[in-house]
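Structure first, then comments.
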Amino acid sequence: MNIAEVRLSRPLVVWTAWVVAALLLLSLVGGWWYAAAVVVSGAAVAMVPGVLPSRVARPVDSTRDLLAVAVFYLGVIALMRLAFVGFTTDRTAGLFLSFAGALLLGVVGPVIFTVWIRHGSLRDLGIRRDHLRSTLALAVLFGGVQFALTLWGYALPAPVDWVPLLAMALVVGVFESVFFRGFIQNRLEAHFGPIAGIGGAAVLYGAYHVGYGMGIKEIGFLTGLGVTYAVAFAVARNLLVLWPLLTPLGSFYAQLDNGDIHLPWASIAGFADVLVIMVAVAWIAHRHERRRSPAAAPSATAAPTASVRA
């Protein structure tokens, strides 16, 4: 390996170590203290010359992208609020339909907007197949740390009390990865740069939990966790670094530990239906991309940090 290759891999090494440290910090502090710790430490690392994650290329019409972010974001929160504060568990049919609508809006909306309206690529949402080896290595590392901190040695309850929760965590993980990382974070970074993009996406991620009826303490903690997840995504620019290991494991453990959500076996079919629709729309978008000439669908997303040219 020559000196240039070492220099190019420096951001990857630095931010990978930071993400691991931020995950380990979960076992020590919570709430706003966790958010403050990751923000301060992340800002300190970002001041080191040459370690900022690569910037996403700015599109010609970024105003329309930001408007789409705002519309989809408000729509998702409204549907979540309707589900968990309006219908609540007293009216399960309305709760699930609103919840499913929010999940689909957060995935199908960005895919349609990116591929058909903006004539972009699924790569712009972090749905990509390049650099798989390094991405999967990071996914196993981050997911392994998350698993060791939460589920290692955890005594699982009866299957009916955890299998539906796992199904929900996997589907919600797809939604959060596509919506908050691939769509919102990439668009904010393209317009404002990596620091503001990562921070803005993390704040929006934390604030969106008001739709679940969460309080300020939980939102503060999730904002800090959003910073950790945003940096992990910025390292690879691939959603596989987050899903199906890192974010679903965290969500699954949180629901198990809280013990305030009980889902029947039948809910698995509902989550499966939502996932099928998400995958189907992504597959149709992929086929649409292939029918276009390569020049007609340029990707605006930067390459993974490890392969960025100086």
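Worth a mention:
- Test: residue in segment 47-61 that is modelled with pLDDT under 95, of a type in the set (Val, Ile, Thr), in a helix (DSSP H, G or I) and over 30 Å from residue 212 (Cβ atoms): no
- Comparison of 199, 213 shows that the only residue that is at positive phi and either surrounded by fewer than 18 Cβ atoms within 10 Å (Cβ to Cβ) or touching a residue at least 24 places away in the same chain (Cβ under 8 Å) (or both) is 213.
- Considering residues of segment 83-92 that are part of a helix (DSSP H, G or I) and either touching a Cys at 6+ places or on another chain (Cβ under 7 Å) or not aliphatic (A, V, I, L, M) (or both) only, the residue farthest from residue 209 (Cα to Cα): 92
- Annotation: of all residues in segment 226-273 being closer than 23 Å to residue 98 by Cα and among the charged types (D, E, K, R), the one that is surrounded by the most Cβ atoms within 10 Å (Cβ to Cβ) is 273.
- Restricting attention to segment 128-170, the residues being in contact with a helix residue (DSSP H, G or I) (Cβ under 6 Å, 6 or more places away or on another chain) and of a type in the set (A, V, I, L, M) number 11.
- Checking the stated criteria, residue 27 turns out not to satisfy the condition of being among the polar types (S, T, N, Q), surrounded by fewer than 18 Cβ atoms within 10 Å (Cβ to Cβ), at pLDDT 95 or above and over 30 Å from residue 267 (Cα atoms).
- The lone exception for residue 234 - which of (1) small (Gly, Ala, Ser); (2) in contact with a Pro (Cβ under 7 Å, 6 or more places away or on another chain); (3) under 16 Å from residue 166 (Cβ atoms) it fails: (3)
- Matching residues in segment 101-128 - criterion: being over 17 Å from the mean Cα position of the chain (by Cα) and among the basic types (Lys, Arg): 118
- Test set (1) more than 11 Å from residue 236 (Cα to Cα); (2) part of a loop (DSSP other than H, G, I, E, B) - residue 130 fails condition number: (1)
- When residues of segment 153-178 are limited to those that are without any contact (Cβ under 8 Å) to a residue 24 or more places away in the chain and hydrophobic (A, V, I, L, M, F, W, C), the one farthest from residue 253 (Cα to Cα): 158
- Subset of segment 195-221 [of a type in the set (Phe, Trp, Tyr), under 11 Å from residue 80 (Cα atoms) and within 16 Å of the chain's Cα centre (by Cα)]: 208
- Residues (under 23 Å from residue 287 (Cβ atoms) and of a type in the set (D, E, K, R)) located in segment 92-133: 118, 123, 124, 128, 129, 130
- Considering the conditions (1) out of contact with any His (no Cβ under 7 Å at 6 or more places or on another chain); (2) without any contact (Cβ under 8 Å) to a residue 60 or more places away in the chain, residue 222 is excluded by exactly one of them, (1).
- Residue within segment 93-100 that is part of a loop (DSSP other than H, G, I, E, B), more than 22 Å from the chain's Cα centre (by Cα), at pLDDT below 95 and farther than 18 Å from residue 173 by Cβ present: no
The values are calculated or read from the model by the stated rules, or taken from the named source; none is laboratory data. Everything quoted here is computed from the prediction, not taken from an experiment. Here Cβ is always computed from backbone atoms with ideal geometry, including for glycine, and neighbour counts include all displayed protein chains.
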